[in-house]
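Everything on this sheet refers to the single structure shown next.
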Amino acid sequence: AFDVLIVGGGPAGAAAAIYAARKGIRTGVVADRFGGQVLDTLSIENFVSVKETEGPRFAVSLEEHVKHYEVDIMNLQRAARLEKNGKLFEVTTEDGAVLKSKSVIISTGARWREINVPGEKEYKNHGVAYCPHCDGPLFKGKRVSVIGGGNSGVEAAIDLAGIVEHVTLIEFGADLRADAVLQRKLYSLKNVDVIKSAQTTEIHGDGKKVTGISYRDRNSGEVRTVELAGVFVQIGLVPNAEWLKGTLELSPYGEIEVDARGETSIPGVFAAGDVTTVPFKQIVIAVGEGAKASLAAFDYMMRLPTE
Ligand code: FAD
């Protein structure tokens, strides 16, 4: 059995693995795709101490750093179930393998909900973006749109309005769903247009990058096109915690509830990164949370009765 089994091999899981292995305890990582979301990221400019890097390169460094220690990496395996059996936790993979461990750290991350219109996949990272903190500065002085009028969409529009030339916010419903205070702030900005009852139908490009967006006015049925350089899709971030429903306490958004030490509702089970209730989904935050959960897991094990 492992001392610590980490489920998920993104920045949070990698940090947890390094911290656990450096304590000299038996450490395993089971991951669907080692590297996580950074594999899909073009440029990273906000990982403190690294001025600029590319996602896949960052993922390689993560793996090299983890492999420098004695860590059992089980890649391309999805966890399907978590149970406690006697003193040990058991994580069962979709292939039916059962991994046993004294403690578990869950760092299965999250995924951005996609709008699923023509052009989205083609221009991902070439004008189609999901994270204003990450990619906002790439559109300095340009025109962009934000799809989604919930809190995250309106926050993104306010944030971007300070950086880019102009923001068009497109909301599907008849009203924005963001908090009133955010809406007031949004409407006070001169370089933001808000279009409601609008269904995004296509993201256009010139083969290399985004050039515009089309939407259908849901009242008149008319299709209109706006020229712009970037589209921020803000229709939700989905935590990869569906497999833990009924096992761990989850927030109304499906995130794993953790305390200040990263401990979940089950003692001995910790969680870190985008899959948790910790706000602001960023690499540097996931890495810090992973380290924290790992130290907390070690602390938990120190207190376990000796066999
Ligand atoms: P993830 O990176 O999501 O990793 C989750 C891991 O768990 C993966 O290995 C996955 O395969 C695995 N997994 C999922 N489910 C299971 C399961 N059931 N069983 C086993 N394994 C599972 N942040 C920044 O700070 N700067 C940026 O510039 C930036 N740009 C971004 C650009 C894009 C396009 C995207 C999508 C995100 C970007 N982010 C950026 C956000 C950043 O990537 C995340 O905050 C960070 O990766 C979260 O790390 P994590 O380890 O919590 O989760």
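Annotations for the structure displayed:
- In segment 227-246, the residue that is farthest from the ligand (Cβ to nearest atom) out of those that are over 19 Å from the mean Cα position of the chain (by Cα) and crowded, with 18+ Cβ neighbours inside 10 Å is Leu228.
- Among the criteria (1) more than 16 Å from the chain's Cα centre (by Cα); (2) touching a residue at least 60 places away in the same chain (Cβ under 8 Å); (3) near the ligand (Cβ under 7 Å from one of its atoms); (4) under 27 Å from Glu257 (Cα atoms), the one Ser103 does not fulfil is (3).
- Residue that is surrounded by the fewest Cβ atoms within 10 Å (Cβ to Cβ) [pool: residues in segment 259-285 that are away from the ligand (no atom under 12 Å from the Cβ), free of Cβ contacts under 8 Å to residues at least 40 places away in the same chain and over 12 Å from Ala241 (Cα atoms)]: Ala260
- Within the option set Glu64, Glu83, Glu45, Glu70, being exposed (fewer than 15 other Cβ atoms within 10 Å of the Cβ) and within 13 Å of the ligand (Cβ to nearest atom) holds for one residue only, Glu45.
- Screening Val117, Val104 for residues that are out of contact with any Lys or Arg (no Cβ under 8 Å at 6 or more places or on another chain) and under 30 Å from Gly268 (Cβ atoms) leaves exactly one candidate, Val104.
- Residues that are within 20 Å of Gly35 (Cβ to Cβ) and surrounded by 14 or more Cβ atoms within 10 Å (Cβ to Cβ), drawn from segment 100-123: Ile105, Ile106, Ser107, Thr108, Gly109, Ala110, Arg111, Trp112, Glu114
- Any hit, segment 173-190, residues being assigned to a loop (DSSP other than H, G, I, E, B), touching a strand residue (DSSP E or B) at 6+ places or on another chain (Cβ under 6 Å) and not assigned by TED's automatic domain parsing to the domain that holds Leu39: no
- Hits in segment 14-34 - residues which are within 6 Å of the ligand (Cβ to nearest atom), surrounded by fewer than 24 Cβ atoms within 10 Å (Cβ to Cβ) and either part of a helix (DSSP H, G or I) or not charged (D, E, K, R) (or both): Phe34
- Of the strands (runs of 3 or more DSSP E) that lie entirely inside segment 45-157, those containing 2 or more residues that are touching a Gly at 6+ places or on another chain (Cβ under 6 Å) and within 30 Å of Val192 (Cα to Cα) span 143-147.
- For Pro279, the conditions (1) in contact with an Asp or Glu (Cβ under 9 Å, 6 or more places away or on another chain); (2) part of a loop (DSSP other than H, G, I, E, B); (3) within 26 Å of Cys134 (Cα to Cα); (4) of a type outside the set (Lys, Arg) all hold with the exception of (1).
- Of the residues screened, Val128 is not one that is in contact (Cβ under 8 Å) with a residue 40 or more places away in the chain, more than 11 Å from the ligand (Cβ to nearest atom) and not charged (D, E, K, R).
- Test for Leu250: is it away from the ligand (no atom under 13 Å from the Cβ), in the same structural domain as Gly36 (by TED's automatic domain parsing) and in contact (Cβ under 8 Å) with a residue 60 or more places away in the chain: no
- Scope segment 286-305; condition among the hydroxyl-bearing types (Ser, Thr, Tyr) and either within 11 Å of the ligand (Cβ to nearest atom) or touching a helix residue (DSSP H, G or I) at 6+ places or on another chain (Cβ under 6 Å) (or both); matching residues: Ser294
- Residue identified as buried (at least 21 other Cβ atoms within 10 Å of the Cβ), within 14 Å of the ligand (Cβ to nearest atom), within 21 Å of the chain's Cα centre (by Cα) and closer than 30 Å to Glu122 by Cα among Pro56, Pro11: Pro11
The values are calculated or read from the model by the stated rules, or taken from the named source; none is laboratory data. Bear in mind that the values here come from a model prediction, so they are computed numbers and not experimental data. FYI the Cβ positions are ideal-geometry reconstructions off the backbone, even for glycines, and counts take in every protein chain you see.
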